[in-house]
Amino acid sequence: MSITENLKHIKNTLPTHVTLVAVSKTKPNEDIVEAYEAGQRIFGENKIQEMTDKYEALPKDIEWHMIGHVQRNKVKYMAPYVSLIHGVDSFRLLEEIDKQAKRNNRVISCLLQMFIAEEETKFGLDQTELMEILASEEFKALKNIKVVGLMGMATFTDNQLQVKKEFTQLNDIFAMCKKQFGIQDNLDLNTVSMGMSNDYSLAIECGSTMVRIGSNIFGNRNY
């Protein structure tokens, strides 16, 4: 099926409250244009340089999401335009995003990445670190970021019960934080980003409001 047909099929399966991030990393601009012409406006990239090149070449009403691991020294390159940074896994990174957002006279939306998988290769905060950040005066002092939710990646396994347990855990932490911290100047928890091509249906069942889908739209990735 074509990119257009794939997109249409996926959108028909998504509830209205779930946002689709089309993961376009490694894909050429022509593929993104086809998805764009089919109505998709949110695209996810995992390398800042590649995302910046695409931002400069493609329509300006595209929302670019940074979904990969972020190095602090690269934040400045995406700060002028990025819509949402998914993988914020430390307070130091949050501070750097705040600093670069201020330089660009922007408020940048962020998701805090939680470590929910049983895999050492994944990044993220644990529950204690998350609560410490959100409760701290240092966090409240950040004026140019807004934490809008949490993000997590489940273990890459065929064990659906384990994946479900990890997604449910993330959604429970999200609900607890929402209850405990409410809405603040730089905090408005409304997004749970979990679920990719292979597990997004299960993620939605477990409370996901944002899914990151690449190969089901664009076909297998070119590395």
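The values are calculated or read from the model by the stated rules, or taken from the named source; none is laboratory data. Keep in mind it's a predicted model, so treat the numbers as computed, not measured. Cβ sites come from the backbone with ideal geometry, for glycine too, and all protein chains shown count toward neighbours. For the accessible areas, the whole protein counts, side chains as well, though only heavy atoms, and no ligand, DNA or RNA atoms are used. Shrake-Rupley method; radii C 1.70, N 1.55, O 1.52, S 1.80 Å.
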Of the criteria (1) outside any loop (DSSP other than H, G, I, E, B); (2) without any contact (Cβ under 8 Å) to a residue 24 or more places away in the chain; (3) more than 20 Å from MET194 (Cα to Cα); (4) not charged (D, E, K, R), which one ASN105 fails: (1)
Members of the stretch 94-122 found to be of a type in the set (D, E, K, R) and modelled with pLDDT of 95 or more, listed by number: GLU95, GLU96, ASP98, LYS99, LYS102, ARG103, ARG106
Candidate set from the stretch 177-223 (those that are part of a loop (DSSP other than H, G, I, E, B) and aliphatic (A, V, I, L, M)); member that is least open to solvent (accessible area, probe 1.4 Å): MET194
Boolean, HIS17 is open to solvent by 20 Å² or more (accessible area, probe 1.4 Å), at pLDDT below 95 and closer than 21 Å to MET194 by Cβ: no
Matching residues, the stretch 123-138, being in a helix (DSSP H, G or I) and open to solvent by 30 Å² or more (accessible area, probe 1.4 Å): GLN127, THR128, GLU129, MET131, GLU132, ALA135, GLU137, GLU138
In the stretch 55-100, the residues that are part of a strand (DSSP E or B) and open to solvent by 50 Å² or more (accessible area, probe 1.4 Å): GLU63
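Considering only the stretch 176-223, how many residues are of a type in the set (Gly, Ala, Ser) and more than 16 Å from the chain's Cα centre (by Cα)?
Filtering the stretch 176-223 for residues of a type in the set (Gly, Ala, Ser) gives 182, 193, 195, 197, 201, 203, 207-208, 214-215, 219.
Those left that are additionally more than 16 Å from the chain's Cα centre (by Cα): 182, 201, 215, 219.
Total satisfying the criteria: 4.
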Test set (1) surrounded by fewer than 22 Cβ atoms within 10 Å (Cβ to Cβ); (2) farther than 21 Å from PHE123 by Cα; (3) within 15 Å of the chain's Cα centre (by Cα) - LYS47 fails condition number: (2)
Every residue from the stretch 183-196 that is under 18 Å from GLY87 (Cα atoms) and either of a type in the set (D, E, K, R) or touching a residue at least 40 places away in the same chain (Cβ under 8 Å) (or both): ASN186, LEU187, ASP188, LEU189, ASN190, THR191, VAL192, SER193, MET194, MET196
Scope the stretch 139-168; condition of a type outside the set (A, V, I, L, M, F, W, C), open to solvent by 70 Å² or more (accessible area, probe 1.4 Å) and either closer than 14 Å to CYS206 by Cβ or in contact with a Phe, Trp or Tyr (Cβ under 7 Å, 6 or more places away or on another chain) (or both); matching residues: GLN160, LYS164, LYS165
Checking THR52 against (1) under 23 Å from ASP188 (Cβ atoms); (2) in a helix (DSSP H, G or I), the condition it does not meet: (1)
Residue under evaluation MET114, criteria (1) open to solvent by 30 Å² or more (accessible area, probe 1.4 Å); (2) within 14 Å of the chain's Cα centre (by Cα), criterion not met: (1)
